[in-house]
Amino acid sequence: MPTRAEIVTFHEEPAPPGSSPWVDGAGPSPDVAVVPPDPAWPARFAEIAAAVRDALGWRALTVEHVGSTAVPGLPAKPVIDIDLVVADPADEAAYVPALEEVGFALRIREPWWHEHRLLRGAEPVSHLHVFGPESPEVVRHRIFRDWLRGNPDERERYAAAKLAASAASTAAGEHGMQYNARKERVVREIYARAFAATGLT
């Protein structure tokens, strides 16, 4: 379990010189369109989660719906974000081949940042974020999701930031990483209030 300090402190490790997180020529998505909330998103998550659990069995320690599609009533990019916790994300042989067999493709490898891996699923479109049991990101994602679920004013604030970022990034021809950067200030402000309310700060 990560410490309180690790959870509330955002520290983004840069990629080592000469390295890239992208696997086999992958890159950030040019699709930054935010769509109205879809009540089918939880069912799509359940479908993906079942496939992941079937593929990995006991190796899937946690399979959890996170991100905007996990918050009822919140506009989102139509991509199901999932946190998968495994014992050792660096041991790709223990989980990547099995996930590839059910349609996932490894797109990101970031050993310098909580050993994060990302696999993309095509149908339904999904991002499977792989972390280890000690990663603070897993805890942060859960706090953010639950805070938005329980606080309609924060949900509306975040929705406005997402729509504004999507419009600006679309107009500028930007990709998904730039879209994320445009809404980062609001995200951090929401996190700060959630951390305070849950006694972490």
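The values are calculated or read from the model by the stated rules, or taken from the named source; none is laboratory data. Keep in mind that this is a model prediction, so the values were computed, not measured. FYI the Cβ positions are ideal-geometry reconstructions off the backbone, even for glycines, and counts take in every protein chain you see. Accessible surface areas use protein heavy atoms only, side chains included; no ligands, DNA or RNA. Shrake-Rupley method; radii C 1.70, N 1.55, O 1.52, S 1.80 Å.
The C-beta contact set for the stretch 89-103 (first residue within 12 Å of VAL52 (Cα to Cα), second residue open to solvent by 60 Å² or more (accessible area, probe 1.4 Å), distance under 6 angstrom, 6+ apart or interchain) comprises TYR95/ARG59. Considering the stretch 87-97, the residues that are open to solvent by 20 Å² or more (accessible area, probe 1.4 Å) and touching a helix residue (DSSP H, G or I) at 6+ places or on another chain (Cβ under 9 Å) include one that is nearest to PRO42 (Cα to Cα), namely ALA87. Of all the residues in the stretch 162-172, those that are more than 16 Å from PRO36 (Cβ to Cβ) and either under 15 Å from the mean Cα position of the chain (by Cα) or without any contact (Cβ under 8 Å) to a residue 40 or more places away in the chain (or both) number 3. Give the residues of the stretch 138-155 that are in contact with a strand residue (DSSP E or B) (Cβ under 8 Å, 6 or more places away or on another chain) and open to solvent by 30 Å² or more (accessible area, probe 1.4 Å), sorted by residue number. Matches in the stretch 138-155: HIS141, ARG142. Would you pick out the residues in the stretch 47-70 that are closer than 23 Å to PRO133 by Cβ, part of a helix (DSSP H, G or I) and either at pLDDT below 95 or open to solvent by 50 Å² or more (accessible area, probe 1.4 Å) (or both)? Scanning the stretch 47-70 gives ARG53, ASP54, TRP58, ARG59.
As for the stretch 112-134, it holds at least one residue that is in contact with a His (Cβ under 9 Å, 6 or more places away or on another chain) and loosely packed, with under 15 Cβ neighbours inside 10 Å.
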